[in-house]
Amino acid sequence: MKVGRTGLSIVFIALSMYRFCDAQTLPTPDEFDRSLKACADSQKISLSANIIDSISKLYSGESSRQVLRSSSEFLLLIPEGNRIEAYRLYADCIAKIVPQIATTAVPTPSPTPPTPPTVYRICAGEYERACPPHDVYLYCGSSIEGWAKDRCTAYTARRLNTYGGNKCGYSLDEIICSGSK
């Protein structure tokens, strides 16, 4: 079979593109191990050979390799006394050897959900024992609004019931407190 220059050019371009795409693939475990050790040596990162070998073993396992995706997960595997050097190894070596899987970005914390409001049932009157079920008792003449202002950053007050009796009568109020002081 005779192949002309055009045919060879197409084959050459195809091979070049294959090599370019292949450059995006991950290094083999042996290549990773050699690169990691050479980088740790050149960066003068003082981690024991056992720790570096353990990291290489993590990389060689397909499922355990996932721990290399984030520096925070990676550092949890390292003894606390070695974490500064291990972070240097991660940022200066691992992230450069396998940028496809490693990231040094600090994860953004998820927003905290708002605290649900607290509901208080407040009974005001002369004797607490004469009150219906409640959370807070106030004596005659005490300000329910004042009680709420002292404890809540924002609140809604609602009168649930009033009835006569004893010295000043009784009231049952509901305070919805959103944000306590």
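Converting phi to 3J(HN,Hα) with the Karplus coefficients 6.51, -1.76 and 1.60 and the offset θ = phi - 60°, segment 169-178 yields x, 9, 9, 10, 10, 10, 10, 9, 9, 10 Hz in sequence order, with x at every glycine or proline.
Taking 0.36 nm per residue of separation and subtracting the Cα-Cα distance, what length does fully extending E80 through V119 add? Intermediate results must be reported in sequence, preceding the final value.
On the way: separation 39, 0.36 × 39 = 14.04 nm, distance 4.43 nm.
Stretched fully, the E80-V119 segment lengthens by 9.6 nm.
Here segment 26-107 is described by how far its Cα atoms reach on the three principal axes: 29, 28, 19 Å, from widest to narrowest.
For segment 118-180, how big is Rg over Rh, using alpha carbon atoms and the Kirkwood form of Rh?
On the way: Rg = 11.3 Å, Rh = 11.7 Å.
Rg divided by Rh gives 0.97.
Just how far, in whole angstrom, is segment 23-88 from segment 151-181 if you go by their alpha carbon centroids? One Cα centre to the other: 61 Å. Taking a Cβ cut-off of under 11 Å around S71, the surrounding Lys, Arg, Asp and Glu residues balance to a net charge of +2, with basic ones at +1 and acidic ones at -1.
Near P133, within a Cβ-to-Cβ distance under 15 Å, what is the net charge of the other residues, with Lys and Arg +1 and Asp and Glu -1?
So the environment of P133 carries a net charge of -2.
How big is D, in µm² s⁻¹, for segment 33-181 by Stokes-Einstein at 4 °C and 1.567 mPa s if Rh is the Kirkwood radius over C-alpha pairs? Intermediate values should be presented prior to the final figure.
Values: Rh = 20.5 Å.
My calculation gives 63 µm²/s for D.
Annotation: for a label point projected 7 angstrom from Cα along Cα→Cβ of A130, residues of segment 162-181 with backbone N closer than 12 Å are 163-171.
Pop the C-beta distance of A38 and T112 into the FRET formula with R0 = 41 Å and round what comes out to the nearest 0.05. Display every interim value, and only then the final one.
On the way: r = 44 Å, r/R0 = 1.07.
The value I calculate is 0.40.
Suppose R0 equals 30 Å; then what is the FRET efficiency for Y139 and S180 from their Cβ-Cβ distance, rounded to the nearest 0.05? Plugging the Cβ-Cβ distance into 1/(1 + (r/R0)^6) gives 0.85.
None of the figures in this text is laboratory data; all of them are computed from the coordinates on show. Predicted model only: the values in this text are computed from it and were never measured. Note that each Cβ is placed from the backbone with ideal geometry, even for glycine, and that neighbours are counted across all protein chains shown.
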